[in-house]
1. Over the alpha-carbon set of the chain, work out the extent along each principal axis and list the three values in angstrom, largest first.
2. At a Förster distance of 35 Å, what's the computed FRET efficiency of residue 31 paired with residue 4, Cβ-Cβ distance as r, to 0.05?
3. Enumerate by residue number the trypsin sites (Lys or Arg not before Pro) in the range 20-83 meeting two conditions: DSSP loop (anything except H, G, I, E, B), and at most 16 other Cβ atoms within 10 Å of the site's Cβ.
4. Between the range 48-81 and the range 1-31, how far is it from one alpha carbon centroid to the other, in angstrom?
5. With +1 on the Cβ of every Lys and Arg and -1 on the Cβ of every Asp and Glu, and nothing else charged, how large is the dipole of the range 41-83 about its Cα centre, in debye rounded to the nearest 20?
6. Hey, if you put +1 on the Cβ of every Lys and Arg and -1 on every Asp and Glu Cβ in the chain, which of 50, 8, 79 ends up farthest toward the positive end of that dipole?
7. Just the accessible area per residue of the chain, please: how many Å² with a 1.4 Å probe?
8. What's the magnitude of the charge dipole for the range 1-76 around its Cα centre, counting Lys and Arg as +1 and Asp and Glu as -1 at the beta-carbon? Answer in Debye, nearest 20.
Amino acid sequence: MDVQRTQIAELLGQVSGLQAEWTEGAIQRITTENTSLKQRVRQLTTDNRTLDERLKAARSNLRFQDRRVADLEARIAEPAPKS
């Protein structure tokens, strides 16, 4: 039990030491950077969604065009009606 108390006291001392190293300016800078990063993540998420929608639309358009080309190729391959 004494070993655990000693370890806990040492760890609490380390935590206090680490907290003392953080100046108010450093905390403010990190908070500001964190906010900026969160905004950037939101923007990238929105951009990704927009690009995904555009990709889906392009794929749909390509499928339509492929069907149209196949239809035109089939028409060209049909023998001409004899008069």
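The values are calculated or read from the model by the stated rules, or taken from the named source; none is laboratory data. Source: prediction; values computed, not measured. Cβ coordinates were reconstructed from backbone atoms using ideal geometry, including for glycine residues, and neighbour counts include every protein chain displayed. The area values use the complete protein model at the heavy-atom level, side chains included, leaving out ligands, DNA and RNA. Shrake-Rupley method; radii C 1.70, N 1.55, O 1.52, S 1.80 Å.
1. Per principal axis, max minus min of the Cα coordinates gives 108, 36, 10 Å.
2. 0.50
3. Values: sites: 29, 38, 40, 42, 49, 54, 56, 59, 63, 67, 68, 75, 82; in loops: 82.
Listed in order of number, the matching sites are 82.
4. About 64 Å separates the Cα centre of the range 48-81 from the one of the range 1-31.
5. Numbers: 10 positive and 7 negative charges, 21 e Å.
Dipole about the Cα centre, nearest 20: 100 debye.
6. Among 50, 8, 79, the one farthest towards the positive end of the dipole of the chain is 79.
7. On the way: 8020 Å² over 83 residues.
On a per-residue basis, 97 Å².
8. On the way: 13 positive and 11 negative charges, 154 e Å.
For the range 1-76, the charge dipole is close to 740 debye.
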